[in-house]
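Any read-out appearing in this document is the output of simple, stated calculations on the displayed coordinates, not a laboratory observation. If you're wondering where the values come from, they're calculated on a predicted model, not measured in any experiment. Virtual Cβ from ideal backbone geometry, glycine too; neighbours counted across all protein chains shown.
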Amino acid sequence: MGEGNAVQRIGVLTSGGDAPGMNAAIRAVVRKGVFHGLEVYGILHGYAGLIRGEMNVMDLSSVADIIQRGGTKLYTARSEEFKTPEGRAKAVENLRQHGIEGLVVIGGDGSFRGARELSHLGVHTIGIPGTIDNDIAGTDYTIGFDTAVNTVIDAIDKIRDTATSHERTYVVEVMGRDAGDIAVIAGIAGGAESILIPESPFDMENVLDKLRRGQERGKRHSIILVAEGVAKGMKIGEQIRLATGWEVRVTVLGHLQRGGSPSAFDRTLASRMGAYAVDLLRQGKTSQVIGLQGKDLVAIDIDEALTMKRKIDLSIYELASILSI
C-alpha cells in the first residue's frame, strides 16, 4: 500500500450517457492513482460490466492519447440487473475478488444512485458528474456541458447562414432532458430570437408576436431554440407555420451534441475532478460527489446531491430575451 493511502486498489467506470471529457477524467484517475502507488482497474460497460466482471488493470500507457477524444474508452451501458439486490451483490463480489476497495463513478444522477447503493455495501465510492445536460445539483458545471454548448453554437451559426439565404424561420431542438442549460447558453451565444426551456413557462403567442415584430421591421429570418424537455421541435415548427403561413424548417440536433473532441474547459475540469476523486479515496472518503463551485472543487454527500434542488440561472435567460428584441 502506498504511503498515506486508505485504499490500495481502485476502479473507475463510466455509466449512463457518454459526454466529451469522460476520457480526460479516466486518464486523470489512472495517472493520479499510479502516481500515488495505487493499482487502478478500468471497468468496461458501466455497472453491466461490473456485474460481468469485465475489468482490467490500467497503467500509464492505457490512457495515453485519449485526453482529446470524445466518448469513453471504457464504454458505457445501462443495466437493469444492477437495479436488483442480486445484481448489486454480484458487482460487489467481483470487486472483492479483485481486491478493489474504492470506485470512481463518472456519470449522471442515475449513476450516482448506483454508487450510493455500493457504498451501503461497503465499497468506497466517489462520483464525478459527467453529462452534457448540466443537470446535477451541487456543481456549476458537469463534464461535457461546455463542449455540447459549443457544438450547438456551431450548428446555429451554420443554420443561420442558410436561414438568411432562404429567408426562413428555423426551429432547432437541443438536448438537456429536463434541464434548459444547453438551450439558454447556446441561445444567448448564438443570438436565437426565442429560447424555450422547461424551467420557465412560455406563451406561444409571445413567441409569435416577437417573430411578427421582427418581420415588420424587415427581419427575414429567425431561429427558435427549443429544449427537448419543454416541447418537440416539430410541434413548435408546425404551430408557427399554421399561425403565420411562413416556411419553417426544423432541425433536431440529437446525439450530435454528445460527440466531438472535448473543449479545453472540459478537459481541464475532467482532469481536476479525476485527480480529486483519487485524493478522496486515498483519504478513506466514500459516498461523495465532486462539484465545481466557483473556482473550487468540493465534495458533497451523495444523498445531499441527489435530493438538492438544482436551479438554472434565469437571469441569463432573461438577458437572452432582452437582447433578442
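Cα gyration tensor of the range 177-221, axes a ≥ b ≥ c as square roots of the eigenvalues: rounded (a/c below 1.5), prolate (a/b > b/c) or oblate? Write out the running numbers ahead of the final one.
Numbers: a/c = 4.27, a/b = 1.64, b/c = 2.60.
Oblate shape, in that a/c is at least 1.5 and b/c is the bigger or equal ratio.
Applying a threshold of 24 Å to the alpha-carbon distances of LYS32/LYS83; LYS73/LYS311; LYS158/LYS311; LYS158/LYS235; LYS158/LYS309; LYS210/LYS311 flags LYS32/LYS83; LYS73/LYS311; LYS158/LYS311; LYS158/LYS309; LYS210/LYS311 as lying beyond it. Site pair PHE265 and GLU86 shows an inter-label distance of 4.6 nm when each label is modelled 7 Å from Cα along Cα→Cβ.
Antiparallel as a % of all DSSP beta bridges within the range 1-132, to the nearest 5? Walk me through the numbers on the way to the answer.
Numbers: 4 of 19 bridges.
Antiparallel bridges make up about 20 percent of those DSSP assigns within the range 1-132.
Classify the range 170-325: rounded, prolate or oblate, from the alpha-carbon gyration tensor (a ≥ b ≥ c, eigenvalue square roots; a/c under 1.5 rounded; otherwise prolate if a/b is larger than b/c)? Prolate shape, in that a/c is at least 1.5 and a/b is the bigger ratio.
Taking a label point 7 Å from the Cα of GLN68 along the Cα→Cβ vector, which residues of the range 242-266 have an amide N closer than 15 Å to it? Residues 260-265 fall inside that zone.
Approximating the spin labels as points 7 Å out from Cα along Cα→Cβ, the ASP313-to-SER200 distance works out to 1.3 nm.
Mind pulling the per residue volume of the convex hull built on the Cα atoms of the chain? Å³ is fine.
Spread over its residues, the Cα hull of the chain gives 122 Å³ apiece.
The residues packed around GLU81, meaning those with a beta-carbon under 12 Å from its beta-carbon, carry a net charge of +3 if Lys and Arg are +1 and Asp and Glu are -1. Annotation: amide H of GLY180 within the under-5 Å range of GLU199, sequence separation 5 or more or interchain, hydrogens built in the peptide plane.
So between ARG213 and LEU323, what do we pick up on full extension, going 0.36 nm a residue minus the alpha carbon distance?
Values: separation 110, 0.36 × 110 = 39.60 nm, distance 1.43 nm.
So the chain would gain 38.2 nm between ARG213 and LEU323.
Could you give the length gained on full extension between GLU238 and LEU60, defined as 0.36 nm per residue of separation minus the Cα-Cα distance, in nm? Don't jump to the answer; show the numbers that get you there.
Numbers: separation 178, 0.36 × 178 = 64.08 nm, distance 5.32 nm.
Extending this stretch completely gives an extra 58.8 nm.
Dividing the Cα radius of gyration of the range 1-117 by 2.2 N^0.38 Å, with N the residue count, gives 1.00. May I have the pair-distance distribution P(r) for the range 148-258, computed from all Cα-Cα distances with 5 Å bins from 0 and rounded to whole percent? The distribution over the range 148-258 is 2, 13, 26, 27, 19, 10, 2, 0, given as percents. Under 13 Å of direct C-alpha separation, and excluding same-chain neighbours fewer than eight residues apart, LYS232 reaches these aspartates and glutamates: GLU173, ASP178. What is the helix-to-structure angle for 264-282, meaning the angle in degrees between its Cα long axis and the longest Cα principal axis of the chain, kept from 0 to 90 and rounded to the nearest 10? With both axes taken from Cα atoms, the answer is about 30 degrees.
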